[in-house]
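Since the structure comes first, as structure tokens, the remarks are kept for the end.
Every read-out reported here was derived from the displayed coordinates using simple, explicitly stated rules and does not represent laboratory data. This one's a predicted model, so the numbers in the text were calculated from it and none came from an experiment. Every residue, glycine as well, gets a Cβ built from its backbone with ideal geometry; the counts of neighbours run over all protein chains shown.
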There are 2 protein chains.
Amino acid sequence: MKKTCAHKHAEKKQELSSLTGRLRREAHKITSPRAAILEILRHHAHPLTNKEIFAELPKGECDLATIYRAMQLMEELGMVKRFDFGDGSARFKLVGEGDESHHHHLICTRCAEVVEIGECFPEEIERRIARANGFTGVTHRLEFFGLCPGCQK
Amino acid sequence: MKKTCAHKHAEKKQELSSLTGRLRREAHKITSPRAAILEILRHHAHPLTNKEIFAELPKGECDLATIYRAMQLMEELGMVKRFDFGDGSARFKLVGEGDESHHHHLICTRCAEVVEIGECFPEEIERRIARANGFTGVTHRLEFFGLCPGCQK
DNA sequence: AAATCAGTTGCAAACGATTTGCAATTAAAT
DNA sequence: ATTTAATTGCAAATCGTTTGCAACTGATTT
């Protein structure tokens, strides 16, 4: 199931200190559960579900509910980005300090492998659509689904 | 909340007979709950949640579970298309007999108004992405979100 | 029109993801 | 070391959706 797709990413793992700093900055505590969660997120390039995070955490390190609360908080602080692959559970990925990169994913419908798609097309079209319909603050959600090389029989 | 956005649709409401025919064709019964559900879908151009359908149904006409089952069946038969606007509940819309049109939506994040976007861009790009990553049977999900004219304060 | 049978339904219980109330803990400031 | 607001674990509660099952009903047959 789990597969590490070859990425040309610069793999710039964020310093833990930079992460905890962001929490501290907002008058939030750096608790052991949070540190553990950040440690896991730091080591994954692709979005993880709360359950997956929970599974990687040492035995009784932290409650599932705590993870849900942590992800919610960190999402508000802009530390993680939430993804919806349409399979019923949210996934989260760390967001770099200045890294506001907007990109999409190619997800294998069988093994759930995730490939990041660098580009983001709609950009210009999005503006046109917004204007044409009088909408403001328009954003979009775009994900691709298919069978990865390994899952094709 | 509910808003009827001016559409230039040809409003080709499908004949009930054509719909029930599709069910019958597959050895399925035209029950009163199903007829009622189809009647409601026939009158809505935009995807509805099962709860919304349930709400429009006369008092005790049909159980919520029955609607879930009906939508699941009709989705398999290709009679309805399922949409995921990311708000936690699925939405369904009737699909015309030959109508395989693939399109997207612009959804107001405040009042949930839905505007259909005729075009579908990624088409070509999708092929490129699939090839570039060795994926097959690639499809995509694209929805736009923003504030509709009426909800902008 | 009555009999027949597979497809359906209502209802309640089951589910999986996510949230929340609350008393007990704990990180961080004093 | 003290104080206090933030946080946690745990269990119960929500929500959308699914499912088991006995009773029911179209559609077909006789």
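The two copies A and B are related by a rotation, and the chain A beta carbon nearest its axis, with distance in whole angstrom, is A:142, 2.
Placing a label point 7 Å from Cα along the Cα-to-Cβ axis, residue A:137 is separated from the same position in the other copies by 3.9 nm, shortest listed first. Working note: 222 nm ellipticity from helices only, DSSP H runs with n ≥ 4, each -39,500 (n - 2.57), summed and divided by the residues of chain B, gives -10000 deg cm²/dmol to the nearest 500.
Taking Lys and Arg as +1 and Asp and Glu as -1, the other residues whose beta-carbon sits under 13 Å from that of residue B:63 total +3. About its Cα centre, segment A:43-153 has a charge dipole of approximately 360 debye under the convention of +1 per Lys or Arg Cβ and -1 per Asp or Glu Cβ, with nothing else charged.
Using the Cβ-Cβ distance between residue B:68 and residue A:17 with R0 set to 45 Å, the FRET efficiency from 1/(1 + (r/R0)^6) comes to roughly 0.35. For residue B:87 and residue B:132 in one chain, what is 0.36 nm times their gap in residues minus the Cα-Cα distance, to one decimal in nm? Answer, rounded to one decimal: 13.0 nm. The simple spin-label model puts a point 7 Å past each Cα toward its Cβ; for residue B:125 and residue B:152 those points are separated by 2.4 nm. Percent of Cα pairs in chain B per distance bin of 5 Å, from zero to the largest separation: 2, 8, 16, 19, 18, 15, 11, 7, 3, 1, 0. Say R0 is 51 Å: what FRET efficiency, to the nearest 0.05, do residue A:27 and residue B:32 get from their beta-carbon distance? Here the calculated transfer efficiency is 0.30. In this structure, the amide hydrogen of residue B:80, modeled 1.01 Å from its nitrogen in the peptide plane, lies closer than 5 angstrom to those of B:75, B:95, counting only residues at least 5 positions away or on a different chain. For segment B:30-42, 3J(HN,Hα) computed residue by residue from phi via the Karplus equation (6.51, -1.76, 1.60; θ = phi - 60°) reads 9, 8, 4, x, 5, 4, 5, 4, 4, 4, 6, 4, 4 Hz, glycine and proline entered as x. Label-point spacing for residue B:44 across the identical copies (point 7 Å from Cα in the Cβ direction), in nm and ascending order: 3.5. Our estimate of slack between residue A:110 and residue A:59, defined as 0.36 nm per intervening residue step minus the Cα-Cα distance, is 15.5 nm. Among the trypsin sites (Lys or Arg not before Pro) found in segment A:30-98, those both in a DSSP coil and sparsely packed, with 12 or fewer other Cβ atoms within 10 Å of their Cβ, are A:59. Couplings for segment A:75-87, taken from phi via the Karplus curve 6.51 cos²θ - 1.76 cosθ + 1.60 with θ = phi - 60°, read 5, 4, 7, x, 7, 10, 10, 8, 10, 10, 8, x, 9 Hz in order; Gly and Pro are left as x.
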